[in-house]
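> Attaching a single structure in structure tokens format; questions to follow.
The values are calculated or read from the model by the stated rules, or taken from the named source; none is laboratory data. Keep in mind that this is a model prediction, so the values were computed, not measured. Ideal geometry is used to build each Cβ from the backbone, glycine not excepted, and the neighbour counts take in all protein chains shown. Protein only, heavy atoms only, side chains kept; ligands, DNA and RNA dropped before computing areas. Shrake-Rupley method; radii C 1.70, N 1.55, O 1.52, S 1.80 Å.
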Amino acid sequence: AKENLEADVEVHNLRTRLDDVTARLNAAEAAAKAAEAEATAATAGLAAAEAKAGAVLEAADAAEEVEEAARRMTKRVAELESEVRRADAAAKKAEARAERLAKKLNETIDKKEKTTKRKKAEKQTKKATADSSEQDFADEFLDTSVDIVALPALSKMRKQELVDELAARGLDVSGTVPVLRARLREARAAAE
């Protein structure tokens, strides 16, 4: 019986140790699972941190690209503004020149109109004087049945005057002024 009792005590001690080892083993397994969970969480946190760091680097690269694009844009805007200023200055010069040319043209037209009016008035005065003188001469010395016309000098005649006289004589009116003068000179010489 003593041996049974000792064997029971020893079985009890072994069971207690076994329970103690099992409890420690369960605790170790739980700790291992907790450590594994922490490791998984840490890995996830590390991956998130790496992703965030990558995003920060990409954002920094993008920011540098944006800054470079902004610098290029600012430079191009300055170039365009300079071109606009040059074009504006050129346009103002062109406008000023156009105004000067228009003024000069108007002055030339006015001068020509005045000269034309003056010459026309002189011509009418000369014609009136010549008509009067010719009439007086014709009345005194010539037979009034014959018409005498003072022919203008060919060198002073304009193209339209040459054309008119050639047409009145029934001659060809085409050609340049020198050709018309030569044709009229021949016709006048033949008529004398």
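> Give all pairs with beta carbons closer than 8 Å in which a residue from region 174-192 that is in a helix (DSSP H, G or I) and hydroxyl-bearing (Ser, Thr, Tyr) meets a residue that is modelled with pLDDT under 95 and open to solvent by 80 Å² or more (accessible area, probe 1.4 Å); count only pairs at least 6 apart in sequence or on separate chains.
none
> Now for a separate question. Anything in region 155-190 that is open to solvent by 40 Å² or more (accessible area, probe 1.4 Å) and among the basic types (Lys, Arg)? List them, or say none.
Residues satisfying the conditions are Lys156, Arg158, Lys159, Arg169, Arg181, Arg183, Arg185.
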